[in-house]
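Here's the structure, in structure tokens; my notes come after.
The values are calculated or read from the model by the stated rules, or taken from the named source; none is laboratory data. Computed from a predicted model, the values in this text were never measured in an experiment. For neighbour counting, all protein chains shown are included, and Cβ atoms are generated from backbone atoms with ideal geometry for every residue, glycine included.
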Amino acid sequence: MKWIDLPQNSVPYLAFDIMEKNVGVVAAFTTKRYYRDGKPDDFYQPLLRPESDPEEVASCVQLLVSQFGTDREHLVSSAQKHMANIHLVDAGDLGPIEGRTQLEAIDGLVTDIPGVMLRTFGADCPSVYLYDPVRKAIGLCHSGRKGTQLHIAAKLLKTMQKSFGTDPGDVLAAVSPGICGDCYEVGDEVAEDFAADYRKDPLTGSLRCQSILSDILSKKTGRYHIDLFAAIFHTLRDAGIPETNIELPCMCTKCRCDLLYSFRAEGRISNENCAILMLRS
Ligand SMILES: [Zn+2]
């Protein structure tokens with residue numbers, strides 16, 4: 001993963017080495033930083049929240065889409081509900097922004113249409129990027145605690161297999177920054193709920209042995225910690241993506257709340273980091 005801050009960019013971003021090698025795709029993760037009239041500002045607002053100024057948000061979004069050579073009519077965003085619903089984006093999801101909202105109750109998006117920018121949000125929840133350079137298809141999902149325990153990344157891949165004939169062996173995968181295993185402390189009930197779902201095989205639903213959780217769920221100083229990055233890695237690998245095709249983040253949203261929005265670090269957060277994925281036209 002590396003930080004891309006070029007003079008021509010209004011929105012610097014984090015990029016993934018595994019995706020950067022491929023000219024066919026744009027994969028980026030925005031932070032709090034952007035340039036407003038050429039001056040650095042640390043309050044980039046890509047998500048419309050009840051308290052935000054719609055014009056400011058629209059301007060932040062416009063900077064992002066134009067930077068990557070597309071427009072707001074080709075931006076498709078998920079209104080996430082911490083579930084594992086995947087939506088196949090088609091021409092019906094595109095069009096004038098007026099009257100079109102984010103896709104409700106959707107946490108994952110797939111498409112094979114070049115120039116369509118998929119977008120998910122998170123302020124501790126990682127996003128998962130999948131790119132199939134052979135079938136020229138992409139998938140992006142929000143994989144917070146609930147989505148991760150429901151193996152949303154495997155469901156995203158499955159949708160690409162069904163929709164585009166994707167072979168998991170071809171897929172390149174990246175996981176965005178999110179909260180790290182050291183910082184993500186949870187109560188016993190949450191840990192038990194996570195374990196019960198995560199142990200279910202995403203394909204068959206059968207219960208796998210407890211040891212599958214060995215580097216995912218741990219008890220430190222009397223409290224459980226969940227390592228979402230490890231959990232997502234195992235889900236992707238078990239779904240057939242080669243380990244060497246999976247890039248994990250080297251940054252935690254809570255540890256780096258100077259640069260990234262973090263719910264755990266900041267409490268009531270003012271905005272969120274956004275993950276974008278787009279096939280180049
Ligand atoms: Zn951390």
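Just one of GLY205, GLY178 is of a type outside the set (A, V, I, L, M) and free of Cβ contacts under 8 Å to residues at least 12 places away in the same chain; which is it?
Working: GLY178 fails: free of Cβ contacts under 8 Å to residues at least 12 places away in the same chain.
On inspection, the qualifying residue turns out to be GLY205.
All but one of (1) among the basic types (Lys, Arg); (2) over 22 Å from the mean Cα position of the chain (by Cα); (3) more than 14 Å from the ligand (Cβ to nearest atom) hold for LYS220; state the number of the condition that does not hold.
Against the list (1) among the basic types (Lys, Arg); (2) over 22 Å from the mean Cα position of the chain (by Cα); (3) more than 14 Å from the ligand (Cβ to nearest atom), LYS220 comes up short only on (3).
Among ARG268, ARG256, ARG237, which is at pLDDT below 95 and either within 16 Å of the ligand (Cβ to nearest atom) or basic (Lys, Arg) (or both)?
None of the others qualify; the one that does is ARG268.
Testing ALA275 on (1) under 23 Å from PRO133 (Cα atoms); (2) in contact with a strand residue (DSSP E or B) (Cβ under 6 Å, 6 or more places away or on another chain); (3) small (Gly, Ala, Ser); (4) surrounded by fewer than 21 Cβ atoms within 10 Å (Cβ to Cβ), one condition comes back false. Which one is that?
(4)
Any idea which of ASP124, ASP182 is assigned to a loop (DSSP other than H, G, I, E, B), under 29 Å from ASP227 (Cα atoms) and in contact with a helix residue (DSSP H, G or I) (Cβ under 9 Å, 6 or more places away or on another chain)?
So the residue among ASP124, ASP182 that is assigned to a loop (DSSP other than H, G, I, E, B), under 29 Å from ASP227 (Cα atoms) and in contact with a helix residue (DSSP H, G or I) (Cβ under 9 Å, 6 or more places away or on another chain) is ASP124.
Would you say THR204 is over 21 Å from the mean Cα position of the chain (by Cα), assigned to a loop (DSSP other than H, G, I, E, B), of a type in the set (S, T, N, Q) and over 20 Å from MET83 (Cβ atoms)?
Yes; evaluated as a whole, the condition is true for this residue.
Residues checked against (1) in contact (Cβ under 8 Å) with a residue 12 or more places away in the chain; (2) surrounded by 19 or more Cβ atoms within 10 Å (Cβ to Cβ); (3) in contact with a helix residue (DSSP H, G or I) (Cβ under 7 Å, 6 or more places away or on another chain); (4) not hydrophobic (A, V, I, L, M, F, W, C):
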position	(1), (2), (3), (4)
ASP17	yes, no, no, yes
PHE29	yes, yes, no, no
ARG33	yes, no, no, yes
LYS39	no, no, no, yes
PRO46	yes, yes, yes, yes
VAL61	yes, yes, yes, no
ASP71	no, no, yes, yes
LEU75	yes, yes, yes, no
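Quick grid of which residues meet (1) over 17 Å from the mean Cα position of the chain (by Cα); (2) in a strand (DSSP E or B); (3) surrounded by 14 or more Cβ atoms within 10 Å (Cβ to Cβ):
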site	(1), (2), (3)
ASP193	yes, no, yes
ALA196	yes, no, no
ILE212	yes, no, yes
HIS225	yes, yes, yes
ALA231	no, no, yes
HIS234	no, no, yes
LYS254	no, no, yes
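Please go through region 121-136 and give me each residue that is buried (at least 24 other Cβ atoms within 10 Å of the Cβ) and closer than 16 Å to LYS158 by Cα, ordered by number.
The answer is VAL128, TYR129, LEU130, TYR131, ASP132.
When the residues of region 149-181 are narrowed to those that are within 16 Å of the ligand (Cβ to nearest atom) and under 12 Å from the mean Cα position of the chain (by Cα), which ends up surrounded by the fewest Cβ atoms within 10 Å (Cβ to Cβ)?
VAL175
Could you list, in sequence order, the residues of region 78-92 that are modelled with pLDDT of 85 or more, farther than 17 Å from LEU277 by Cβ and in a loop (DSSP other than H, G, I, E, B)?
ASN85
Which one of these does GLU243 not meet: (1) touching a residue at least 12 places away in the same chain (Cβ under 8 Å); (2) over 20 Å from GLN149 (Cβ atoms)?
Every condition holds for GLU243 apart from (1).
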